[in-house]
1. Look through segment 30-50, keep the residues that are under 28 Å from residue 337 (Cβ atoms) and crowded, with 21+ Cβ neighbours inside 10 Å, and return whichever of them is farthest from ligand 1 (Cβ to nearest atom).
2. Would it be correct to say that residue 252 is under 18 Å from the mean Cα position of the chain (by Cα) and not assigned by TED's automatic domain parsing to the domain that holds residue 54?
3. Under 7 Å by Cβ, and 6 or more places apart or on different chains, what pairs join a residue from segment 25-37 that is in the same structural domain as residue 178 (by TED's automatic domain parsing) with one that is among the aliphatic types (A, V, I, L, M) and outside any loop (DSSP other than H, G, I, E, B)?
4. Output the residues belonging to segment 72-109 that are in a helix (DSSP H, G or I), open to solvent by less than 40 Å² (accessible area, probe 1.4 Å) and among the aliphatic types (A, V, I, L, M).
5. I'd like the full set of residues that are surrounded by fewer than 17 Cβ atoms within 10 Å (Cβ to Cβ), more than 16 Å from ligand 1 (Cβ to nearest atom) and assigned to a loop (DSSP other than H, G, I, E, B), limited to segment 8-28.
6. Scan segment 53-71 residue by residue and report those that are open to solvent by less than 10 Å² (accessible area, probe 1.4 Å), free of Cβ contacts under 8 Å to residues at least 60 places away in the same chain, away from ligand 2 (no atom under 16 Å from the Cβ) and not in a loop (DSSP other than H, G, I, E, B).
7. Within segment 174-195, track down each residue that is crowded, with 19+ Cβ neighbours inside 10 Å and either farther than 15 Å from residue 129 by Cβ or aromatic (Phe, Trp, Tyr) (or both).
8. Any residue that is in contact with an Asp or Glu (Cβ under 7 Å, 6 or more places away or on another chain), at pLDDT below 85 and over 13 Å from residue 17 (Cα atoms) - is there at least one of those in segment 310-321?
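The values are calculated or read from the model by the stated rules, or taken from the named source; none is laboratory data. Quick caveat: nothing in here was measured; it's all calculated off a predicted structure. Note that we place each Cβ from the backbone using ideal geometry, even for glycine, and neighbour counts take in every protein chain shown. Please note that ligands, DNA and RNA were not included when accessible areas were found on the heavy atoms of the full protein model with its side chains. Shrake-Rupley method; radii C 1.70, N 1.55, O 1.52, S 1.80 Å.
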Amino acid sequence: MTRVPPLDRLGRPLGVLRLSLTARCNLACPYCLPDGVDPPGLLSSRQRLAVIEAAVALGAGSLRLTGGEPLLHGGLEELIAAAGPLRQRGLREIALTSNGVLLSAERARALRAAGLDRITLSLDGTTGASVGRMAGAGGADPGERARRGEVLLAKVLAAIEHARAAGFDPGRGALKLNAVIQRGANDDQLLPLAALARERGLELRLIEFMDVGNRNGWRPQAVLSAAEMVERIGRRWPLEPLGRGAHGTASRWCYRDGGGAGSGSGHLAVVASVSAPFCGDCNRLRVTADGIAYTCLFAAPGSGLDLRPWLQPEPDPGGLREALAGRWRQRHDRYSEERQERQPQTFHRPAHAEMAYLGG
Ligand code: SAM
Ligand code: SF4
């Protein structure tokens, strides 16, 4: 039995488990492009719990539930409730990343009651046209796209209020907004998104467009760097740097005018995984909905460890822990740093597993 939490070959501990519950999604954001179907052999709730248990035993204090769209998974609340007792063994938080479209008032209350600590909602624009475009809604017709985008935007804005009313307090970091910013696609939404988040007292996390998967047409020119995002927003609302916490992916800033109604809310965060990689600090394990463990968001398809031999027919907790610990000890991923060390033009870009499987 592994008693000492493993370190990988670069001395990094395991701190976060990002568990994808489904590869399906109700949206089709072009920068992510999910398949629309789940792979065969989805894990059962019992098997998922065994994976969570093993990760917690190896040092993961944070469980982040993701997808695809995790709200499409009917067993979400039960899984959260079942993971609750692991708080006695080192689990400190259970969080969810969702596009929010399906987050009704009732669902938000059910998630809170089940023991969910935090929700991050993704929203890439403040107009029907920009939301429709970034969510891949409405096809090629701009009018239809804007109309569908309006509906989605209204749902996400309602979801923010449902989450707040259910007790996810943005002032305590329990409710945040994610936005992927793509140059030439929605970079005109930077200031409007910041204004929207400030008005609602939410932390806005701006994410650089990443070369995850093989379908999103990523090119370096489409990346708006975190530095440029901060510069543009700072020109309108001056910012003060707060730094990047240990093992955090986001550098945080606060508004000098105190915008966003105090108590730590209203902050801005940027995730600079392309322009300023943080591989040296990365403590994330990703497990797909069908039980494949990946140790990097940019891993090659097929390079993950299939955990099913330790999950079927019944979970084998000891074997699973050892298998995961062994894989973690072998880990030496530092893809984003390697990308940065070479010129984008000469960097040989290997095939990547798709985002909807890995969960962001
Ligand atoms: N469906 C949920 C959602 O959209 O929040 C959860 C899964 S999604 C894969 C998790 C996060 O990854 C979202 O905030 C999404 O915006 C982000 N994401 C997806 N593809 C990305 C890309 N190519 N570059 C940067 N962020 C991306
Ligand atoms: Fe769906 Fe989230 Fe991917 Fe958009 S980013 S397609 S909402 S999984």
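1. If we take residues in segment 30-50 being under 28 Å from residue 337 (Cβ atoms) and crowded, with 21+ Cβ neighbours inside 10 Å, then 34 is farthest from ligand 1 (Cβ to nearest atom).
2. Yes: the conditions hold for residue 252.
3. none
4. Within segment 72-109, 76, 79, 80, 83, 86, 105, 108 meet the criteria.
5. 9, 10, 11
6. Residues satisfying the conditions are 62, 63.
7. Once the filter is applied, which keeps residues that are crowded, with 19+ Cβ neighbours inside 10 Å and either farther than 15 Å from residue 129 by Cβ or aromatic (Phe, Trp, Tyr) (or both), segment 174-195 yields 174, 175, 176, 177, 178, 179, 180, 181, 190, 194.
8. Within segment 310-321 (the criterion being in contact with an Asp or Glu (Cβ under 7 Å, 6 or more places away or on another chain), at pLDDT below 85 and over 13 Å from residue 17 (Cα atoms)), the answer is no, since none of the residues qualifies.
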